[in-house]
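Below is one structure, written out as structure tokens, with a few remarks after it.
The values are calculated or read from the model by the stated rules, or taken from the named source; none is laboratory data. This one's a predicted model, so the numbers in the text were calculated from it and none came from an experiment. FYI the Cβ positions are ideal-geometry reconstructions off the backbone, even for glycines, and counts take in every protein chain you see. The protein model used for the area step is the full one, side chains on, heavy atoms only, and it has no ligands, DNA or RNA in it. Shrake-Rupley method; radii C 1.70, N 1.55, O 1.52, S 1.80 Å.
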Amino acid sequence: MNTLIKRLLLFFLIAFLFLLLLSRIDNIDKKLSQDNNIVSIKNKSKFDSLDILFVGNSYCYSGIIPEIFDSINYKTYNLGISTAGPYFYELLLDEYLAQCQQKPKSIYLLISPTTFSCLADNFLAYPIHRYLENSFTNEYIAYKYKEYNEYDEILQKSIRKGFSNIFTVGMKKNENFETLLSKGYCKSTQVYTSNILKSTQALYYPLRKDNFSEIKFKHLLNYLENLNKIRNIEIVLFDLPTNELKNYYNSNFISNYNFGKNILSKKYKFISLDSSLPNSFFQNIDHLNYSGAQIATNNLVRIILSKKE
């Protein structure tokens with residue numbers, strides 16, 4: 001009986017180690033991936049000695065156009081990553097600053113209600129920790145950010161991806177050069193319509209009962225304080241227009257967000273680009289399209305130039 005138990009334990013141990021090994025090869029396709037998030041992460045180190053490094057979520061990569069800054073001789077890169085919040089910001093910035101030869105003069109960090117919501121830092125949908133140049137394991141992320149409830153699903157996804165990579169990685173296409181050439185900006189000419197609202201609004205319903213994350217807010221506050229102290233880099237916070245997004249948050253959430261934003265704006269320079277724009281300048285409920293991004297980016301350029309005078 002003891003022998004049988006030992007054999008069963010050994011079998012399950014071997015099976016678990018095999019699955020764990022599969023999860024470790026979930027990222028071997030990163031050099032050929034066309035996903036704009038992975039391409040942006042991979043190529044960030046090619047942009048050094050920047051005047052401004054933009055960091056944010058998808059509002060950032062759809063709303064800030066680095067090419068416009070070329071006209072004023074500013075070297076910029078848009079490190080916007082889907083669902084990025086305080087945890088993603090830390091991972092992305094730590095790696096970039098460790099790799100760059102010369103640190104950026106300024107880091108412009110996007111904040112919005114989404115930054116501190118249930119939609120932020122979605123390691124399950126966007127496992128960016130696996131695609132950093134120095135990747136982190138799922139176990140490390142679960143421990144560091146207390147993502148224990150999500151760990152099982154994250155691991156299962158990594159195992160499935162690892163298994164798929166064994167058979168498909170050699171057949172994948174070349175990387176997304178458009179994202180590289182646009183310095184992280186992802187262009188969309190789509191215009192928001194009532195049909196887009198109907199087909200996507202269910203994705204935002206969880207926000208109606210969401211609570212402002214004090215944990216993520218404190219994490220960001222502490223991280224920025226350490227970053228400012230150790231790296232001595234100018235930190236600028238900014239926001240962007242988000243169409244009808246605020247209609248999906250409850251009043252308590254928005255009240256807490258405004259309170260938190262007020263705390264941050266007393267510690268760091270804050271630039272508000274959040275203005276009322278017609279629906280034609282958005283691609284959906286909360287993302288700017290190319291026309292809207294041109295307006296927001298040009299407004300930011302004007303603000304920067306006016307402060308230099």
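For the chain, DSSP calls about 5 percent of its internal beta bridges antiparallel. Note on the range 6-71: percent of Cα-Cα distances in each 5 Å bin, starting at 0 and stopping at the bin with the largest distance, equals 3, 12, 15, 16, 12, 9, 8, 7, 7, 5, 4, 2, 1, 0.
Placing unit charges on the Cβ atoms of the charged side chains and taking the dipole of the chain about its Cα centre, the candidate lying farthest along the positive direction among LEU245, PHE12, ALA84 is PHE12. Here is how the number arises for the chain: DSSP H runs of 4 or more residues each give -39500 (n - 2.57), the sum is divided by the residue count, and the result at 222 nm is -15000 deg cm²/dmol. Assuming charge only on the beta carbon of Lys and Arg (+1) and of Asp and Glu (-1), the dipole of the range 74-135 about its Cα centre is about 240 debye to the nearest 20. Measuring between alpha carbons in the structure, the pairs from LYS218/LYS261; LYS44/LYS187; LYS46/LYS218; LYS146/LYS267 lying more than 23 angstrom apart are LYS46/LYS218; LYS146/LYS267.
Highest-first packing order for the peptide set 140-151, 66-77 is 66-77, 140-151, based on the mean count of other beta carbon atoms within 10 Å. For the chain, the relative contact order is 25 percent, taking Cα pairs closer than 8 Å that sit 6 or more residues apart in sequence and dividing their mean separation by the residue count. Just so you know, the Rg over Rh for the chain is 1.00, from Cα atoms, with Rh as the Kirkwood radius.
Applied to the range 281-298, the Karplus parametrisation 6.51 cos²θ - 1.76 cosθ + 1.60 on θ = phi - 60° returns per-residue 3J(HN,Hα) values of 9, 10, 9, 7, 4, 9, 10, 5, 9, 4, 4, x, 5, 4, 5, 4, 5, 5 Hz, with x for Gly and Pro.
Relative contact order for the range 17-155: 27 percent, from Cα pairs under 8 Å spaced at least 6 residues apart, divided by residue count.
The portion of the accessible surface of the chain made up by carbon and sulfur, rounded to a whole percent, is 55 (1.4 Å probe; DNA, RNA and ligands excluded). Ranking PHE281, SER62, TYR96 by Cα position along the charge dipole of the chain, where only Lys, Arg, Asp and Glu carry charges on their C-beta atoms, puts TYR96 farthest toward the positive end.
When the P(r) is computed for the range 180-309, the part past 27 Å accounts for 33% of the Cα-Cα pairs. Here the Gaussian network model covers the chain, with springs between Cα atoms less than 10 Å apart; of ASP51, ASP286, ASP35, ASP35 fluctuates the most. Placing +1 on the Cβ of every Lys and Arg and -1 on the Cβ of every Asp and Glu, with nothing else charged, gives the chain a dipole about its Cα centre of roughly 320 debye. Per residue, the chain exposes 51 Å² of accessible surface when a 1.4 Å probe is rolled over the protein heavy atoms with every protein chain present. Across the range 110-162, C-alpha contacts under 8 Å between residues 6 or more apart give a mean separation that, scaled by the residue count, equals a relative contact order of 27 percent.
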